[in-house]
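Okay, structure first, notes after.
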Amino acid sequence: MIYSTILHNLQHKMRTHREGFSLITAIFVIVLMATVTSLILNTTGKVIKETTMQYRNEQARLLAKSYTELALLSVMGHDRATLGNCVTRVQGTINTLQIGQANPAGGNVDNGGYTVTTDIQYIANGFPASGTCTILNAQDLTSLQGPNMIIDVYVRYQDPDQPTAVHQITYHRRTLQKL
């Protein structure tokens, strides 16, 4: 009888230890899963931010290329002899770039838009300096044939993760183009 009571007490203690071990194992597994989940969410957030920045940078590059061509077309379509001045600046504001949607007028760079400024300077020997033409003297450029122009395009946009930041991200493209 004494032996059966002792045996019963030992079996009860072993069951209690097994239940306690199972509880500790379950808590450990839950903490481990929570840690892995937080690491996955952190990595996902960083990947999304990097993808967004790459997208915005690529849009800025494409806008700079487009505005370079627009500046070239504006200069070629402008009659300097008759009007007495030159095209020196082309500007634009693009509110959003979404497929299938028109860009509303008066875009805002703080809402995910872009501000594009194109400055044009002319390089030539004997180019008529009149009106608004900015002429750079080409004395040192003996191999330069005919009038040329320097097109500087600045595309500015706001970092989407810091919408209240004072500084904007600027992409600059410079092109030397023969007229």
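The values are calculated or read from the model by the stated rules, or taken from the named source; none is laboratory data. Please read all numbers here as calculations on a predicted model, not as lab measurements. Cβ sites come from the backbone with ideal geometry, for glycine too, and all protein chains shown count toward neighbours. SASA here: full protein model, heavy atoms, side chains in, ligands and nucleic acids out. Shrake-Rupley method; radii C 1.70, N 1.55, O 1.52, S 1.80 Å.
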### Check on ASN95, modelled with pLDDT of 60 or more and open to solvent by less than 80 Å² (accessible area, probe 1.4 Å)
yes
### Per-region count, the stretch 62-79, residues open to solvent by 80 Å² or more (accessible area, probe 1.4 Å) and over 23 Å from the mean Cα position of the chain (by Cα)
2
### Task
Out of GLY84, GLY107, GLY112, GLY100, report the one residue that is small (Gly, Ala, Ser), at pLDDT below 65, open to solvent by less than 70 Å² (accessible area, probe 1.4 Å) and within 25 Å of the chain's Cα centre (by Cα).
GLY107
### Query
Which one of these does ASN57 not meet: (1) in a helix (DSSP H, G or I); (2) without any contact (Cβ under 8 Å) to a residue 60 or more places away in the chain?
(2)
